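S.K.: Sending over a structure as structure tokens; questions will come in a sec.
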Amino acid sequence: MDAGGVVYPGTPPPGLPRLVFGAVGPDDPSTRSALTALATLPPPIRSQVLTVDATVAGSGVPGQVTFGLTDNRQVVWGTDERAAEKAAVLVPLLTQPGHVFDVTSPDLPTIRR
């Protein structure tokens, strides 16, 4: 899909992240949240994203975005709030050993090994 959430016809080009949640589309709050979060990532991290998952918290309110990265790593992003701060914190965080990198609160990021 493109940046607006419109699905491309046919087979997508190789190397694009796969959206792994239900109602993908331009009017879906989860899609918009996932694409916004993905666009915020610095290019070196964005190129490591294999999957993007997003949930809806309820009443159409975007919930949590999670990225599946190369090397069996996962980034728990959370909502769109403070996206630039999350991206800035994530860069050095990914240099540390671990499998789950949680930046839902950029003031208190965590790593699970």
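The values are calculated or read from the model by the stated rules, or taken from the named source; none is laboratory data. Just so it is clear, the structure is predicted and the values come from calculations on it, not from any experiment. For neighbour counting, all protein chains shown are included, and Cβ atoms are generated from backbone atoms with ideal geometry for every residue, glycine included. What goes into the accessible areas is simple: the full protein's heavy atoms, side chains included, and nothing from ligands, DNA or RNA. Shrake-Rupley method; radii C 1.70, N 1.55, O 1.52, S 1.80 Å.
S.K.: Exactly one condition in (1) more than 14 Å from the chain's Cα centre (by Cα); (2) assigned to a loop (DSSP other than H, G, I, E, B); (3) at pLDDT below 95 is false for S105; which is it?
M.R.: Condition not satisfied by S105: (3).
S.K.: Pairs under 6 Å by beta carbon, first residue outside any strand (DSSP E or B) in the stretch 48-63, partner open to solvent by less than 50 Å² (accessible area, probe 1.4 Å) and modelled with pLDDT of 70 or more, six or more apart or different chains?
M.R.: If the second residue must be open to solvent by less than 50 Å² (accessible area, probe 1.4 Å) and modelled with pLDDT of 70 or more, the pairs left are Q48/L69; Q48/T70; G60/P29.
S.K.: Can you name every residue in the stretch 85-106 that is touching a residue at least 24 places away in the same chain (Cβ under 8 Å), more than 19 Å from A54 (Cα to Cα) and of a type in the set (V, I, T)?
M.R.: V91
S.K.: With respect to the numbered conditions (1) open to solvent by 60 Å² or more (accessible area, probe 1.4 Å); (2) in contact with a helix residue (DSSP H, G or I) (Cβ under 9 Å, 6 or more places away or on another chain); (3) small (G, A, S), which one is the sole condition not fulfilled by A88?
M.R.: (2)
S.K.: Within the stretch 7-30, can you find the residues that are open to solvent by 70 Å² or more (accessible area, probe 1.4 Å), at pLDDT 75 or above and among the aromatic types (F, W, Y)?
M.R.: Those that are open to solvent by 70 Å² or more (accessible area, probe 1.4 Å), at pLDDT 75 or above and among the aromatic types (F, W, Y): none in the stretch 7-30.
S.K.: Considering (1) polar (S, T, N, Q); (2) touching a residue at least 40 places away in the same chain (Cβ under 8 Å); (3) open to solvent by 80 Å² or more (accessible area, probe 1.4 Å), say which one T40 fails and leave the rest.
M.R.: It is condition (3) that T40 fails.
S.K.: From the list R82, R73, R113, pick out the single residue that is loosely packed, with under 11 Cβ neighbours inside 10 Å and in contact (Cβ under 8 Å) with a residue 12 or more places away in the chain.
M.R.: Just a single option satisfies the conditions, and that option is R113.
S.K.: Restricting to the stretch 67-88, name every residue that is in contact with a strand residue (DSSP E or B) (Cβ under 9 Å, 6 or more places away or on another chain), over 16 Å from A39 (Cβ atoms) and of a type outside the set (D, E, K, R).
M.R.: Within the stretch 67-88, G68, L69, T70, Q74, V76 qualify.
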